[in-house]
Amino acid sequence: MATRVGIPRETASGETRVATVPDVVARLVKKGLSVVIETGAGEASFYPDDAYREKGAEVADRSAVFACDVIAKVAPPTDAEIDQLSAGKTLIGFLGPLDEPERSRKLADAGVTALSMELVPRISRAQKMDALSAMANIAGYKAVLLASAELPRYFPLLTTAAGTVKPANALVLGAGVAGLQAIATARRLGARVSAYDIRDAVKEQVESLGATFVELELETKEMEDKSGYAKALDEEKARRQTELLVPAIAKSDVVITTALIPGRPAPVLITKEAVAAMKPGSVIVDLAAPNGGNCELTEPGQTTTTANQVKILAPLNIPASVAAHGSELYARTIMEMLFEMMGEDGTVSVDLENDVIGGACVTNGGQVVHERVSGLLAQA
């Protein structure tokens, strides 16, 4: 019997994405999987029920979806959703196991096998399953658009009958996936762009996009871990870094901050003194807001204006504001995870010996099996 994959409607506040889209349904069905999607699950991302039916999905109520063998979600499950999951079910999605490890304990107690998209190993063959990078790309793009909408100045150099307008200065802090996309987008809009990252290895990538790499008099050798993330600086270096960044921040009209690592508080890169040195009307978009923010004055989920009229935007879920493509890209990563889990008989199962599946697996057999997550629970 074909493995049944259930796609529930997301209930988290502000979550507009859905875990699969009609074109991906067609590919899943072609592979021999059955897809059951909850009525209205794709409405917020502009995918109507009929579009799913046309591609071979069954559109049903919530209970039918949670009765499936595998349930794929976007946002972490609520307690009510965990209660709907019976022992032996497999859950795939953003589970936030490093930020809220207690949820993983609840999933283990329920007998659910849970795979976290945040924990997909950052290895070459798993790139097509890297949902974090797919969503970070969206965040970097949209952050620049948000900044341009709020900035009381043009981004590009313009020569008009009334005179010449100088281009805006945009600074991107952190040159990972989101940062590089922010650089590219700001350049397309015509801004003069600079970027900073503690990893010297990304300098070439920054410059290849036409941005200037900001170099600080700070010892930052070997600052990249085996997963490609930046390592945390010690307290003295972190303090020195914020001091050295002040001049670059002060001359910027827009600052996009992207330094965010799952399971860790966001490092402070912009102090209140740096904000005070910025010109009135300048804009900061803090993409690290979900983990506290890279700016000392960030209020997660809020837009604030400082005493010197600097606006700080701290969105918590930017990918949900690009719902159609956000869902499409996320759906592809879920599809690849399902294909990775399929055996020769066409059924989906969890093989912990598989480096991708084993790396992403948080709970199995009634236990929290991910070493880092179980360590966080032990500390708690």
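Values quoted throughout were computed directly from the atomic coordinates according to the rules given, and no laboratory measurement underlies them. Keep in mind it's a predicted model, so treat the numbers as computed, not measured. We place every Cβ from the backbone using ideal geometry, glycine too, and count neighbours over all the protein chains shown.
If you go through the range 292-312 and keep only what is touching a helix residue (DSSP H, G or I) at 6+ places or on another chain (Cβ under 9 Å) and farther than 17 Å from Ala277 by Cα, you end up with Glu299, Pro300, Gly301, Gln302, Thr303. With the requirement that a residue be in contact with a Lys or Arg (Cβ under 8 Å, 6 or more places away or on another chain) and among the small types (Gly, Ala, Ser), what does the range 20-64 give you? Within the range 20-64, Ala26, Ser34, Gly40, Ala41, Ala44, Ser45 meet the criteria. Of all residues being within 23 Å of the chain's Cα centre (by Cα), buried (at least 19 other Cβ atoms within 10 Å of the Cβ) and among the β-branched types (Val, Ile, Thr) in the range 1-22, which is nearest to Val74 (Cα to Cα)? Just the residue, please. My answer is Val18. Inclusion of Met335 among residues that are more than 20 Å from the chain's Cα centre (by Cα) and under 30 Å from Ala41 (Cα atoms) is not warranted. Would you check if there is a residue in the range 320-330 being within 15 Å of Thr258 (Cα to Cα) and in contact (Cβ under 8 Å) with a residue 24 or more places away in the chain? The answer is no, given that none of the residues of the range 320-330 is within 15 Å of Thr258 (Cα to Cα) and in contact (Cβ under 8 Å) with a residue 24 or more places away in the chain.
Of all residues in the range 45-66, those satisfying the criterion of being in contact (Cβ under 8 Å) with a residue 24 or more places away in the chain, over 26 Å from Ser349 (Cα atoms) and assigned to a loop (DSSP other than H, G, I, E, B) are Phe46, Tyr47.
Residues that are among the aliphatic types (A, V, I, L, M) and closer than 17 Å to Val144 by Cβ: which strands (runs of 3 or more DSSP E) entirely in the range 268-341 hold 2 or more of them? Hits in the range 268-341: 283-286, 311-313. When Ala26 is tested against the conditions (1) aliphatic (A, V, I, L, M); (2) touching a Pro at 6+ places or on another chain (Cβ under 9 Å); (3) closer than 16 Å to Arg332 by Cα, the lone failure is (2). Report, by residue number, each residue of the range 1-44 that is among the polar types (S, T, N, Q), within 17 Å of Ala64 (Cβ to Cβ) and in a loop (DSSP other than H, G, I, E, B). Result: Thr3, Thr11, Thr20, Thr39. Within the range 143-178, being of a type in the set (A, V, I, L, M), within 15 Å of Lys279 (Cα to Cα) and under 26 Å from the mean Cα position of the chain (by Cα) holds for Ala147, Leu151, Ala170, Leu171. If you go through the range 306-313 one residue at a time, do you hit one that is surrounded by 14 or more Cβ atoms within 10 Å (Cβ to Cβ) and free of Cβ contacts under 8 Å to residues at least 12 places away in the same chain? No: the range 306-313 contains no residue that is surrounded by 14 or more Cβ atoms within 10 Å (Cβ to Cβ) and free of Cβ contacts under 8 Å to residues at least 12 places away in the same chain.
The numbered conditions (1) under 20 Å from Glu336 (Cβ atoms); (2) in contact (Cβ under 8 Å) with a residue 60 or more places away in the chain; (3) not charged (D, E, K, R) are all true for Gly14 except (1). If you go through the range 251-276 and keep only what is surrounded by 16 or more Cβ atoms within 10 Å (Cβ to Cβ) and without any contact (Cβ under 8 Å) to a residue 40 or more places away in the chain, you end up with Ile261, Ala266, Pro267, Val268, Thr271, Ala274, Val275. Could you go through the range 324-331 and let me know if any residue there is surrounded by fewer than 24 Cβ atoms within 10 Å (Cβ to Cβ) and polar (S, T, N, Q). No, the conditions are met nowhere in the range 324-331.
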